[in-house]
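The values are calculated or read from the model by the stated rules, or taken from the named source; none is laboratory data. The shown structure was predicted, so the numbers you read here are calculated from the model rather than taken from an experiment. For neighbour counting, all protein chains shown are included, and Cβ atoms are generated from backbone atoms with ideal geometry for every residue, glycine included.
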Amino acid sequence: MAINKVEICGVNTAKLPILTNEQKEILFKLIEQGDNAAREEYIRGNLRLVLSVIQRFNNRGEHVDDLFQVGCIGLIKAIDNFDITQKCKIFYVCSANDYW
């Protein structure tokens with residue numbers, strides 16, 4: 001089963017934003033202050049990370065949409081538990097935890 005990188009679960013992955021490090025820092029400071037719009041923008045900006053993890057689990061019998069949904073939940077949990085003061089990238093938090 002090949003992954004269609006254009007649309008998964010109704011998300012057009014071709015139009016996902018790519019955040020710079022500066023944008024990520026600004027968004028995280030806003031997230032810490034409780035800004036839900038910044039949180040959603042940060043999540044959308046990291047959905048490509050979910051896609052990269054999905055590729056590792058392709059052809060293991062799971063449906064791609066299911067993997068994408070579980071990956072999104074894991075991403076959200078990682079963002080909610082992320083500590084920006086640790087100077088660690090969100091990728092390492094997502095990869096190190098068994099959220100997905």
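Points worth noting:
- In the stretch 12-25, the residues that are surrounded by 14 or more Cβ atoms within 10 Å (Cβ to Cβ) and either closer than 18 Å to Ala78 by Cβ or at pLDDT 75 or above (or both): Leu16, Leu19, Gln23, Lys24
- The set of residues from the stretch 31-69 being in a helix (DSSP H, G or I), more than 13 Å from Thr13 (Cβ to Cβ), of a type outside the set (S, T, N, Q) and out of contact with any helix residue (DSSP H, G or I) (no Cβ under 9 Å at 6 or more places or on another chain) comprises Glu40, Arg56, Asp66.
- Pairing each residue of the stretch 15-39 that is free of Cβ contacts under 8 Å to residues at least 24 places away in the same chain with any residue that is outside any loop (DSSP other than H, G, I, E, B) and of a type in the set (Phe, Trp, Tyr), provided the two are 6+ apart or on different chains, yields C-beta distances under 7 Å for Leu27/Tyr42.
- Criterion violated by Gly61 - all others in (1) at pLDDT 80 or above; (2) surrounded by fewer than 12 Cβ atoms within 10 Å (Cβ to Cβ); (3) not polar (S, T, N, Q) satisfied: (1)
- In the stretch 26-44, the residues that are of a type in the set (Gly, Ala, Ser) and either surrounded by fewer than 16 Cβ atoms within 10 Å (Cβ to Cβ) or within 12 Å of the chain's Cα centre (by Cα) (or both): Gly34, Ala37
- Failed item in (1) surrounded by 14 or more Cβ atoms within 10 Å (Cβ to Cβ); (2) at pLDDT 70 or above, with Cys94 passing the rest: (2)
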